[in-house]
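This report concerns only the one structure given below.
The values are calculated or read from the model by the stated rules, or taken from the named source; none is laboratory data. Model, not experiment: these values are computed from the prediction. Note: ideal-geometry Cβ built from the backbone for every residue, glycine included; neighbour counts use all protein chains shown. Quick note on the areas: whole protein, heavy atoms, side chains included, nothing else; ligands and nucleic acids left out. Shrake-Rupley method; radii C 1.70, N 1.55, O 1.52, S 1.80 Å.
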Amino acid sequence: MSTLHTVAPAARTRGLSLQLYGYLLLLPALCFLLLFTHYPALATVWESLFSAARSGHAPQFVGLDNYRALLDDDIFMLSLRNNLIYAVITIPLSVVLALLMALAVNRRLRGNAITRAAFFIPSLLPMVAIANLWLFFYTPQLGLLNKLLALFSLPAVNWLGEPGTALYSLMAVSVWREAGFFMIFYLAALQQIDPRLAEAAEIEGASKRYFFIRVQWPLLMPTTLFILINASMNAFRIVDQVIAMTNGGPNNSTSLLLFYIYRTAFSYWDLPAASAMTVVLLVILAAVALIKFNLLDKRAHYQ
């Protein structure tokens, strides 16, 4: 009996020591997470409740006035609308194209490695290089796209100079760049599927279309959920591409939310207004993530 009483406290002490050791291992990462993620988010919310410091006057607490002002800011509303259109179009196009490319290269064919590299290379290029490449394509008179139009006797288009085409031209660049990156995740997920499933489906006489819909696609749902979350984040945090290609023009037709936040903070030096817009952006991203997790995570089949 005395032995049991001696062993139990020793086991509890050892368990507490291991638990403390685990928390100490997590402490560096936790400090970085708090310092560079949670603290900036809370500081942004706090900053949005004050007025801007102008002409030597200290900031004053204004509550939700900065948020009310956003409703009367036509450029902010236009930027938000542009960003929503941008996300609704680029996200499904990027995901579908990535899936098609992954299915195309998930075969043992000659030249597969070169094809995979060709699909993936755009995601490795810096945005400045991508912007200059596509600016060459979009040049009004000498660009490659207008040269192709001239072959069919079609008039030249000022792709980035017209409000009706500028935003869609940016979308094409984003889809071209991101699809290859998302393809890698789909390709990895396809290669994790047990090949015996394909053999069994072939023996049963199932078509490739039926096998994809009934077997592959359900098994790809976790990867699809991950890609959708990342694609949503990318769609709302794009700024370097806008600066390099259009700078928000013409007539703010390519002004996206993060670009307008950047311009408000570092061109107009209105940090409280930019903080309020940032909070709105964070709320949108959180809502999108929650909706996708609630709708798709329940349907995902985890192996």
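What dipole magnitude, in Debye to the nearest 20, does the stretch 188-303 give about its Cα centre under +1 on Lys/Arg Cβ and -1 on Asp/Glu Cβ? Could you put the intermediate results ahead of the total?
Working: 9 positive and 7 negative charges, 39 e Å.
For this selection, approximately 180 debye.
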Computed log₁₀ I(q)/I(0) - Debye formula, equal Cα scatterers, no solvent, the stretch 87-254, q 0.14, 0.19 Å⁻¹: -0.83, -1.19
Low-density loop cleavage sites - GluC sites (Glu not before Pro) in the stretch 169-274, where at most 15 other Cβ are within 10 Å (DSSP): GLU204
Rounded FRET efficiency, nearest 0.05, which uses the C-beta distance separating VAL96 from ARG196 and R0 of 25 Å: 0.35
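Give the Kirkwood hydrodynamic radius (Å, one decimal) of the chain, defined as one over the mean of 1/r across all pairs of different Cα atoms. If you can, show how the numbers build up before the last one.
Numbers: mean 1/r = 0.0426 Å⁻¹.
About 23.5 Å for the chain.
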Residues with amide H under 5 Å from that of PHE50, placed H, sequence gap 5 or more: VAL62
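If R0 is 30 Å, what FRET efficiency do you get for LEU35 and LEU133 from their C-beta distance, rounded to 0.05?
It comes out at approximately 0.20.
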Dipole in debye (nearest 20) - the stretch 87-254, about Cα centre, beta carbon charges: Lys, Arg +1; Asp, Glu -1: 320 debye
Estimated D of the stretch 189-272 in µm² per second, where Rh is the Kirkwood radius over Cα pairs and Stokes-Einstein applies at 37 °C, 0.692 mPa s: 199 µm²/s
Cβ-based charge dipole, the chain, positive-most Cα from SER207, ALA102, LEU170: SER207
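Can you give the convex hull volume per residue for the Cα atoms of the stretch 1-152, as a whole number of Å³? Working shown, then result.
Values: hull volume 56.0 nm³, N = 152.
Enclosed volume per residue, from the Cα hull, is 369 Å³.
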Whole-Å distance, taken between Cα centres, linking the stretch 227-271 and the stretch 179-219: 37 Å
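Tell me what the chain gives for mean residue ellipticity at 222 nm when only DSSP H runs of n ≥ 4 count, each as -39,500 (n - 2.57), the sum divided by the residue total, rounded to 500 deg cm²/dmol.
Numbers: 14 runs with 214 residues, N = 303.
Calculated mean residue ellipticity at 222 nm is -23000 deg cm²/dmol.
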Vicinal HN-Hα couplings computed from phi for the stretch 131-146 (Karplus, 6.51 cos²θ - 1.76 cosθ + 1.60; Hz; Gly/Pro x): 4, 5, 4, 6, 5, 5, 5, 8, 3, x, 9, 9, x, 4, 5, 6
Cleavage-rule hits (trypsin sites (Lys or Arg not before Pro)) in the stretch 85-120: DSSP loop, at most 11 neighbouring Cβ within 10 angstrom: ARG107, ARG108, ARG110
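Ignoring any ligand, DNA or RNA, what whole percent of the accessible area of the chain comes from carbon and sulfur when the probe is 1.4 angstrom?
Values: 12780 of 18840 Å².
After summing per-atom areas, the C and S share lands at 68 percent.
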Charge dipole of the chain about the Cα centre (unit charges at C-beta), most positive-ward option of PRO250, PRO272, GLN141: GLN141
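At 1.4 Å probe radius, can you tell me the per residue accessible area of the stretch 87-254 in Å²? Kindly include the intermediate steps, with their values, before the conclusion.
Working: 9390 Å² over 168 residues.
Value for the stretch 87-254: 56 Å² per residue.
For the chain, give the magnitude of the charge dipole about the Cα centre (Cβ charges: +1 Lys/Arg, -1 Asp/Glu; no others), in debye to the nearest 20. It would help to have the intermediate numbers written out before the result.
Values: 20 positive and 14 negative charges, 194 e Å.
The dipole of the chain has a size of about 940 debye.
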Extreme residue, positive dipole direction of the stretch 87-254, given options ILE91, VAL128, THR224 (C-beta unit charges): THR224
